[in-house]
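See below for the structure under consideration.
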């Protein structure tokens, strides 16, 4: 505690003791249905607090309990332990059934992100209907990432914190089987032989020339 | 179901350990959208569980934490600790441009101080809404000056040190005069004839009946 | 995996196999494009996708397309494009490489197709694993009664010195450009005359020349007198209409006289 206060010399008053900070973080995470970043929490806490450290303590405290402290991307959330799901039948939310195309598209975005629409189409061998992407965007499971620095500067898609929360993932790096896929070279963007520069780069998904014969599937 | 009669003794064997029951109660109280009675919980839990006892344990566990187990009527709910209520609010600062009416009123006060409300209205050609003056007072850019020695002894307004600091002025006398404004090209920006700049600002919406000289509105 | 559905790739001999093959054709709408169809066909080879025979697969696909044609099924264009490409690939794989020809070899193309199939299958497996995970709102749950964070919004207003000066300039220039208004001090308006008469008719018990009602300031200057006479006459007519006075005139151009009506 003593070196703690020394560290935070700049602050006008000493930060509250860590046990108290842990209580604060507990209350905030408990009250929120959405994950909170340590920054979010820090802004609400008194000056000089260290929510990141408090969360680590809190997480340990909840280990093995009915509720746990889950990391969701850059944020934290309290969630019930998955093994107790059967008690919560009344709280179960009926999730919209996703089409096979939407599920596959989601998986491709998660494992290949940031990924362009043309790359998704290349992997699935079929054009991606607008409705599929729209649905995933609407559910806030995917969002737009940075544009790719290739001709046409196509937009990319990445998965969101909402997605991580939904599937109980700490980060996109924790996707099941990610390492194996990478080792097997299956996450490489391997352009078709002989057509290297032109194909696979023409990301203009809306342009009718992109993929021969698939255009009509695009019209929605 | 068939051996209902022997339930009591049998379930004593079957019931999960109390620590496990406590976990269950914890998860249910956390996830439920409403307080749960021990009966509600008992119905969801495996046979032979004693939610009432589990709640007692849970309640003890949360003593002094950021979250507590509270009795709500004859049901139970989890709530954040009352002393941490302040963490549930958050102040955000939003920067907005001052309205044209406020800028003009402020400018008149700066150039003509000390100036009465009636004089401001005479110069602007429209009545000055109470909100505009209040806003400037609240921002501490203007303050009340001496009352004028004219009939009705109307209050006057002057600009504050805060105002001078904000606009980087040594004194209000440093404000450029009309001639300088013209020389600086600031007067070239004339409203096109017919646009009636004094109308359509909508600031007087709530005070349409105000006539010049309504000092009585000021008294309070 | 539906192993017994496809016993042999090409020679469909027994009835069950044929039915299965036809079911495949009828189901063409269920495929997510030619790659999906190829992936399904590849399962009949019952080998690791890495060891798949692309040549055999191409032949299966082409046979499928032929059968679809025989059944007069409409195949989407991309299925036909894939068929054409596979026919090309097949010829490349079967014929000895032509040294004069540029471009990738049949093996390279076949390897890429195998890679695509393997990648698609991998993504499918991932999707299945993903959807099989514990899910929020199904297996684990968020707080049931979230306490909203109250947002206290504090608004900070800003303005620049330039805006201030421009605002002032705007007001001052407005004065210079006020709309032109006719100067009316030589006019005695009908409203003024009416007001004046109303105050005076109480005393008009006897017939009086209306010219005597003109205000003093409007009697000397001819222009002003004219204005006042006209407005006073108009005002008197208004009062007649209201039934408050009577007017009379002995003859043309004689003085007009006014009297209170009781």
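Hey, can you tell me all the residues within region B:82-125 that are surrounded by fewer than 20 Cβ atoms within 10 Å (Cβ to Cβ), on the phi < 0 side of the Ramachandran plot and in a loop (DSSP other than H, G, I, E, B)? Within region B:82-125, B:99, B:113, B:114 qualify.
Only one of A:188, A:180 is part of a loop (DSSP other than H, G, I, E, B), within 13 Å of chain C (Cβ to nearest Cβ), modelled with pLDDT of 50 or more and more than 25 Å from residue A:131 (Cβ to Cβ); which?
Answer to the selection: A:188.
The residues of region A:88-108 that are closer than 30 Å to residue A:41 by Cα and either within 14 Å of chain B (Cβ to nearest Cβ) or in contact with a helix residue (DSSP H, G or I) (Cβ under 8 Å, 6 or more places away or on another chain) (or both), listed by number, are A:88, A:91, A:92, A:93.
So that you can scan it fast, the table gives a plain yes or no per residue for (1) surrounded by 14 or more Cβ atoms within 10 Å (Cβ to Cβ); (2) touching a residue at least 40 places away in the same chain (Cβ under 8 Å); (3) more than 8 Å from chain A (Cβ to nearest Cβ); (4) over 38 Å from the mean Cα position of the chain (by Cα):
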position	(1), (2), (3), (4)
C:104	yes, no, no, yes
C:114	yes, yes, yes, yes
C:120	yes, yes, no, no
C:139	yes, no, no, yes
C:143	yes, no, no, no
C:158	no, no, yes, no
C:167	yes, no, yes, no
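Listed here are the residues, each with its yes/no results for (1) within 14 Å of another protein chain (Cβ to nearest Cβ); (2) over 44 Å from the mean Cα position of the chain (by Cα).
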| residue | (1), (2) |
| --- | --- |
| C:30 | yes, no |
| C:38 | yes, no |
| C:41 | yes, yes |
| C:46 | no, yes |
| C:54 | yes, yes |
| C:75 | yes, no |
| C:79 | yes, no |
| C:82 | yes, no |
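Against the list (1) loosely packed, with under 14 Cβ neighbours inside 10 Å; (2) within 24 Å of residue B:155 (Cα to Cα); (3) modelled with pLDDT of 90 or more, the condition residue B:137 fails is (1). The residues of region C:92-102 that are more than 12 Å from every other protein chain (Cβ to nearest Cβ) and closer than 18 Å to residue C:52 by Cα, listed by number, are C:93, C:94.
May I ask you to verify whether residue B:48 is part of a loop (DSSP other than H, G, I, E, B) and more than 10 Å from chain A (Cβ to nearest Cβ)? Yes.
If I filter region C:211-262 down to residues being in contact (Cβ under 8 Å) with a residue 12 or more places away in the chain and over 18 Å from residue C:201 (Cα atoms), which single residue comes out as surrounded by the fewest Cβ atoms within 10 Å (Cβ to Cβ)? Applying the filter and picking the extreme gives C:223. Looking at (1) in a helix (DSSP H, G or I); (2) more than 14 Å from chain A (Cβ to nearest Cβ); (3) farther than 30 Å from residue B:126 by Cβ, can you tell me which one residue B:71 breaks? Against the list (1) in a helix (DSSP H, G or I); (2) more than 14 Å from chain A (Cβ to nearest Cβ); (3) farther than 30 Å from residue B:126 by Cβ, residue B:71 comes up short only on (1).
Residues that are modelled with pLDDT of 80 or more number at least 2 in the following helices (runs of 4 or more DSSP H) confined to region C:1-73: C:34-42, C:54-70.
The values are calculated or read from the model by the stated rules, or taken from the named source; none is laboratory data. In this text, all values refer to a predicted model and were calculated from it rather than measured experimentally. With ideal geometry, Cβ positions are generated from the backbone for all residues, glycine too; neighbour counts draw on all protein chains shown.
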